[in-house]
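This report refers to the structure that appears directly beneath it.
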Amino acid sequence: MPARRSCSFCGNEIEPGTGKMFIRKDGTVFLFCSHKCQANMLRLGRVPRWTPWTQAFRRAAGRVVTERAIVAEEAPAVGEAVLAQATIETPKGKDIPADLADLIDKRLGPDLPRGELEKFFSDFVGSDAFRTSILGWAKKKHGAKPVTRVDKAEFAAWKDSQEGRRVFKGWLDGQWAKVKGRKREKPEEEEAPAPTAKKAKKGA
């Protein structure tokens with residue numbers, strides 16, 4: 001049984017007893033299924049993978065589309081896995097940085113009880129914006145090494161960075177909007193009675 005032969009340009013199978021053969025002086029052999037393929041390759045100098053109606057073009061285009069689809073599907077999964085698995089050590093209780101505590105009290109207070117202040121800080125370090133920001137910041141510091149743990153020293157460096165200040169300010173603005181809304185919902189206090197007229201001086 002004769003071996004199957006395919007066209008050197010379009011890639012289609014050549015029927016037995018048909019087709020054309022072209023041999024160059026250097027010994028390179030080309031097989032063509034039609035005069036069209038021969039003219040496109042030898043006379044016009046076209047490249048198969050750049051010509052839309054060839055198999056080489058379709059294979060290249062399909063491979064690129066497939067690779068893009070795989071990357072698009074895997075990228076979010078990798079990001080979610082990193083967010084779920086990474087451990088971030090944050091200060092608690094009396095160890096909460098004084099500058100962050102002062103900003104929370106100044107913006108969301110004033111004169112917040114210690115328990116409420118700690119709750120606000122806990123909400124901040126539990127937010128997705130915080131985790132995404134500090135893990136991205138740590139990844140830049142570690143280079144290609146995957147980030148699985150962020151210690152308290154790295155947290156302190158992050159909060160003093162431009163990125164940390166930006167994220168914390170954005171979170172504060174969001175919390176302030178919520179607090180302001182709650183204050184508006186409270187009934188207004190009753191107006192104080194008008195001051196009574198001063199007593200007339202004796203002997204007037």
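Output the number of residues of segment 22-40 satisfying the condition of being outside any loop (DSSP other than H, G, I, E, B) and in contact with a strand residue (DSSP E or B) (Cβ under 6 Å, 6 or more places away or on another chain).
So the count comes out to 7.
Is it fair to say ILE104 is under 14 Å from LEU172 (Cα atoms), more than 19 Å from the chain's Cα centre (by Cα) and surrounded by 13 or more Cβ atoms within 10 Å (Cβ to Cβ)?
Answer is yes for this residue.
Taking segment 1-21, which residues are open to solvent by 90 Å² or more (accessible area, probe 1.4 Å) and part of a strand (DSSP E or B)?
GLU13, LYS20, MET21
Write out, first by first residue and then by second, each pair whose Cβ atoms fall under 7 Å of each other, whose residues are 6+ apart or on separate chains, and whose first residue, in segment 14-25, is within 12 Å of CYS37 (Cβ to Cβ) while the second is in a loop (DSSP other than H, G, I, E, B).
As it stands, the answer is ILE14/CYS7; ILE14/CYS33; GLY19/CYS33, since those pairs meet every condition given.
State yes or no: is PRO52 open to solvent by 90 Å² or more (accessible area, probe 1.4 Å), assigned to a loop (DSSP other than H, G, I, E, B) and at pLDDT 75 or above?
In short, no.
The values are calculated or read from the model by the stated rules, or taken from the named source; none is laboratory data. Just so it is clear, the model here is predicted, and its values are computed rather than measured. Glycine also receives a Cβ, built like all others from the backbone with ideal geometry; neighbour counts cover every protein chain displayed. Surface accessibility is based on the protein's heavy atoms, side chains included, excluding ligands, DNA and RNA. Shrake-Rupley method; radii C 1.70, N 1.55, O 1.52, S 1.80 Å.
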